[in-house]
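Chemist: Okay, here's the structure, questions in a sec.
The values are calculated or read from the model by the stated rules, or taken from the named source; none is laboratory data. Just so you know, these numbers come straight off a predicted model, no measurement behind them. Every residue, glycine as well, gets a Cβ built from its backbone with ideal geometry; the counts of neighbours run over all protein chains shown.
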Amino acid sequence: MELRRRGRTLFDVRTYDELDDADLWELSKNDPEAFGEVFRRHARSVFAICYWRTGDAATAEDVTSVVFLEAWKRRDLVVLEQRSALPWLLGVANHASHNATRSLRRYSQALKRLDGHRNTPSDDAVIDRIDAETSLNLVNEVIRDLTEQEREIVLLVFWSGLTYEATAWRSEFRWERFALEYHAPVESYNFDSA
């Protein structure tokens, strides 16, 4: 941290790297670049949970955009309960992903009722989609025997990179109970095979 004298005023010069999410969130109300740093820090984790929930990379990108747009719109109203914005962002991502998959399901059902013809995607797009779906199917196969709560924990900890403490907070569990109940079962699965 560096203090510089400017006339009679001392001010603090810090980089965004030195600030935690709560500080950046507060700064973002007046400084759009601070919100950009929150995005840079958490976009991959938000995309990962959206991809896991939707099973489609393009949809996950769209939902990730919706999550950060919602965060941008509500940054003046939302008060982070932790120093990290990730638990709140993942909660928004969870809801937005559910909405997106529900909309896509309705859209698919509507297309089935129509007699129209659909455009055929390129070979590269088909190969990329098959690879992504294969990876997602492998992960789902590995965790299929877990309870819904355990799958959520795997999603938050291993897929999105959230800490156990933040996952316990997000799941509204006490940390001690969370560690005793979920640490061993989750760790007992081999996720490297996926």
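Chemist: State whether the residues of region 109-126 include one that is at pLDDT 80 or above and within 20 Å of TRP52 (Cβ to Cβ).
Modeler: no
Chemist: Looking for whichever is charged (D, E, K, R), in a helix (DSSP H, G or I), in contact (Cβ under 8 Å) with a residue 40 or more places away in the chain and closer than 30 Å to THR134 by Cβ here; the options are ARG53, ARG40. Which one fits?
Modeler: The match here is ARG53.
Chemist: So, of the residues in region 56-74 that are surrounded by fewer than 19 Cβ atoms within 10 Å (Cβ to Cβ) and over 14 Å from the mean Cα position of the chain (by Cα), which turns out to be farthest from VAL126 (Cα to Cα)?
Modeler: ARG74
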